[in-house]
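Data first, discussion second: the structure below is written as structure tokens.
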Amino acid sequence: MTDELLIKFLLKETSEEENTAIQEWLAADPANISVFIQFEKIWDAGKTLTPASKVDEEQAWNKFREKTKKLKEKEAAVVLPLKKNYTWLKVAAVFVLAIGAWTLYQLMSPVAYTNLTASNEVLIKTLPDGSELTINKKSQLSYASDFKNDRSVRLDSGEVFFNVAHDKTRPFIIKADQVSVEVVGTSFNVKHTKNKTEVIVETGIVKVRLGNEEIRLVKGERVSISKRTKKLQKEQSEDQLYNYYRSKLFIFNGTPLQEVAETLNEAYGVKISVDPAARKHTLFTTLKLSSTLEENLEVICDALNVTLSRNQQEILLSNKK
């Protein structure tokens with residue numbers, strides 16, 4: 001499809017046969033639609049420059065032809081007539097300015113992001129590059145709208161399991177405040193709260209950065225970054241509890257009772273606290289997320305010989321007297 005015919009189409013000077021040719025070209029490939037939209041934006045920008053345009057028409061036309069030749073390989077097209085108050089050289093002159101303005105606008109404009117929010121349900125989302133995200137409840141994130149070229153995600157709050165499509169040429173980058181996570185294709189979990197950011201790797205290699213500091217994590221390793229200390233602290237991870245929102249199981253393997261309570265608070269949206277005297281208890285058992293909170297609390301109390309008491313919406317776990 002020639003640039004001249006597209007300009008003629010935008011000027012509404014095409015014949016019925018030419019209109020049909022353009023419509024068939026648009027329908028042949030979604031990429032052609034993208035080309036036309038950008039072409040139309042350049043055209044609209046160029047119209048605003050027309051009154052103030054004072055350039056060498058011949059030179060502008062030559063520059064325009066050079067630019068279009070580099071963008072796509074094709075033979076020189078036949079110049080088609082425009083309305084009487086237009087000449088091809090004037091249109092080309094406007095286009096040269098418009099292309100420059102549009103390129104500058106693209107470079108200066110901030111990257112657009114698409115928001116994703118999981119409210120009261122776990123959300124599963126496939127990104128444009130094929131990467132699959134499992135997003136825990138009460139989580140907010142966004143990804144670059146032009147994701148096929150810019151594989152970047154911003155995690156504002158919450159927890160997400162990333163199963164990233166492999167692409168060595170375009171790294172997959174997640175930003176959570178000052179923490180940056182970079183991979184090319186792997187699976188890992190990221191949890192970001194107001195006090196801490198945690199990354200746990202299931203497969204592959206993950207690079208985690210904080211300022212000028214960087215570490216690499218492999219399968220079975222985790223890093224926790226506290227907002228207070230702002231240090232990358234790598235350690236081995238045998239804990240499967242973080243995975244409860246995907247596996248639908250609470251796997252407690254010597255888990256401190258305080259952490260048990262925090263996990264149940266997150267999963268059921270409740271407020272459970274642990275009496276200081278009972279925080280020495282650790283739990284070894286597996287519970288189902290599909291069970292009610294009351295059912296799971298009953299198992300925990302029996303296993304640890306603790307009792308619960310209620311004060312309106314709050315639940316307190318303490319040692320039996």
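Laboratory data are not the source of any read-out in this text; all were calculated from the coordinates shown. Predicted model only: the values in this text are computed from it and were never measured. So basically every Cβ, Gly included, is an ideal-geometry build from the backbone, and we count neighbours across all protein chains shown.
Residues in the range 175-195 near a label at N265, defined as backbone nitrogen under 11 Å from the 7 Å Cα→Cβ point? Within reach of a label on N265, which here means backbone N under 11 Å from a point 7 Å along Cα→Cβ, the range 175-195 contributes nothing. Checking the Cα-Cα distances for K125/K175; K137/K227; K137/K219; K194/K230 against a 20 Å cut-off, the pairs over it are K137/K227; K137/K219.
In a fully extended conformation the segment linking R170 and T2 would gain 57.3 nm over its present Cα-Cα distance, using 0.36 nm per residue. As a rough footprinting exposure proxy, the listed residues K175, K12 were ranked by other beta carbons within 10 Å of their own, and the order from fewest upward is K12, K175.
Spin-label model, Q23 to N149: label points 7 Å out along the Cα-to-beta-carbon direction sit 3.0 nm apart. The GluC sites (Glu not before Pro) of the range 238-284 that DSSP puts in a loop, and whose beta carbon has at most 14 other beta carbons within 10 Å, are E238. Here L127, L155, L289 are placed in order of increasing Cβ neighbour count within 10 Å, fewest first, which gives L289, L127, L155. Other residues whose C-beta falls under 12 angstrom from the C-beta of T193 contribute a net charge of -1, scoring Lys and Arg +1 and Asp and Glu -1. Distance between the 7 Å Cα→Cβ label points at D275 and E132: 4.6 nm. Between N195 and N120, full extension at 0.36 nm per residue minus the direct alpha carbon distance yields a gain of 24.8 nm. Take the Cβ atoms of I251 and Q312, set R0 to 41 Å, and the FRET efficiency comes out at 0.85. Each of R209, R222, R151 was scored by other Cβ atoms within 10 Å of its Cβ. Arranged with the fewest first, they read R209, R222, R151.
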